[in-house]
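The values are calculated or read from the model by the stated rules, or taken from the named source; none is laboratory data. Here the structure is a predicted model, which means the values were calculated and not measured. Cβ atoms come from the backbone with ideal geometry, glycine included; neighbour counts cover every protein chain shown.
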Ligand code: GLN
């Protein structure tokens, strides 16, 4: 156990100093998954054999005195909407229950090149639609801090697996908060990179203009190291931009003196009376006391980011999900008598309630009578929010926001979709505007559950986020 509680950085040092072997590390991870996962429900499937093969290669290299990549041998879990060749990618949906990935996602290839052992695929809300992991077609993931609470979603399995030290690293995808929200509920670090920083090739699309893959880790340092591995242009994803990849660790171990931290008036208005309000205020105080300058800024209509998101995301999801028609690779109803019945019955039985709700919402906002009233209006507002966000960054270096409304809530507590959607009120802004954002653990709330805080930066200024989050991690109260 102790071995798995270490950070990737510590595990790397132990590996190269020959205090442990990569096989021992991966075996420890396998044991722990076997012991805990029936209870936690974080994994949809495991790939222990190939993880051990990778570990053996790492050990051989170390024995031969070869230099190994920094994350070689460090146990990692992939969200089950990312392709790993020869292994199922289910998206926690019945419709893809038996779909085997024919190729590796670009991010998976990068992990393989770096000899990172992949221990398995993690549970999520079906097609990444949700904030609590309760929408998985298979089973509910538990919050490791309190098994009666949700872990957050949609990357709940990824967050849970790192938080419970089943693995050291995991990947999530974030369309409206799905990395940051579960990271906050599970007391770990979650990072949504700039849209275009990380390739989406081989990642099952939810809302293509918003989806972004990012690292989930115990520490900011591990996160910075993993993001560097994942980042970079990809000829298979034209939205993935050719912007130089930085060594993000150069931003760590700095102070925050003189850093301008923006606080948004309309966000503070939204926060009034919510569970995370006192912790947000404590964070402001903490930043000020450590020499940062708190700069009040305004981003008009920030409260509309949520409705804008819940128009654009379902619209894109509707078209992305049209391909699951029972014909080529998805679940097919066996009794269907003609093509129309194949479509109808397969989709009716294959998709869960929330996914169907999004398909209907998406079709509604795209239908000819409502296109201008909903979809076009949402796109216009998105453009305005993006402009305002960029102009806010002329006045500050980063923006502070809470990640969530409060601490993790009880499984089954938020069954009303509107209540569930409201959980995303502070996270969707970064996706709508394409900017990077991090959630870093800050404190424990009144229910004794973790509370994370969020920072946003201009496009491709991920380094600033690592600088401030690393400082928070190392200097917050109780450290
Ligand atoms: N909770 C949001 C939704 O349900 C975001 C999900 C995500 O980021 N994948 O759409």
Complete set of residues in region 119-139 that are within 16 Å of the ligand (Cβ to nearest atom) and either part of a loop (DSSP other than H, G, I, E, B) or surrounded by fewer than 24 Cβ atoms within 10 Å (Cβ to Cβ) (or both): 123, 124, 125, 129, 130, 131, 132, 133, 134, 135, 136, 137
message: Looking only at region 140-157, how many residues end up being assigned to a loop (DSSP other than H, G, I, E, B), more than 10 Å from the ligand (Cβ to nearest atom) and more than 16 Å from residue 90 (Cα to Cα)?
response: 7
message: Being buried (at least 24 other Cβ atoms within 10 Å of the Cβ) and farther than 26 Å from residue 10 by Cβ is true for just one of 176, 190, 157. Which residue is that?
response: 176
message: Exactly one of these conditions fails for residue 319: (1) crowded, with 16+ Cβ neighbours inside 10 Å; (2) modelled with pLDDT of 95 or more. Give me its number.
response: (1)
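Yes/no per residue for (1) buried (at least 17 other Cβ atoms within 10 Å of the Cβ); (2) in contact with a strand residue (DSSP E or B) (Cβ under 7 Å, 6 or more places away or on another chain); (3) without any contact (Cβ under 8 Å) to a residue 60 or more places away in the chain; (4) more than 25 Å from residue 417 (Cβ to Cβ):
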| residue | (1), (2), (3), (4) |
| --- | --- |
| 335 | no, no, yes, yes |
| 347 | yes, no, no, no |
| 351 | yes, no, no, no |
| 357 | no, no, no, no |
| 361 | yes, no, yes, no |
| 368 | no, no, yes, yes |
| 373 | no, no, yes, no |
| 383 | no, no, yes, yes |
| 388 | yes, no, no, yes |
statement: Scanning region 243-267 residue by residue, the ones that are crowded, with 18+ Cβ neighbours inside 10 Å and either within 30 Å of residue 303 (Cα to Cα) or out of contact with any helix residue (DSSP H, G or I) (no Cβ under 6 Å at 6 or more places or on another chain) (or both) total 7
- request: Kindly provide the set of residues from region 166-216 that are within 11 Å of the ligand (Cβ to nearest atom) and assigned to a helix (DSSP H, G or I), ordered by number.
  value: 180, 181, 182
Flag if residue 171 is modelled with pLDDT of 95 or more and within 30 Å of residue 55 (Cα to Cα): yes
message: Looking at residue 97 and the list (1) over 18 Å from the mean Cα position of the chain (by Cα); (2) within 25 Å of residue 143 (Cα to Cα); (3) without any contact (Cβ under 8 Å) to a residue 60 or more places away in the chain, which single condition is not satisfied?
response: (3)
query: Is there a residue being within 14 Å of the ligand (Cβ to nearest atom) and closer than 22 Å to residue 213 by Cα anywhere in region 390-406?
result: yes
query: Quick one: which of 394, 404 is modelled with pLDDT of 95 or more, within 24 Å of residue 188 (Cβ to Cβ) and either surrounded by fewer than 19 Cβ atoms within 10 Å (Cβ to Cβ) or in contact with a strand residue (DSSP E or B) (Cβ under 8 Å, 6 or more places away or on another chain) (or both)?
result: 404
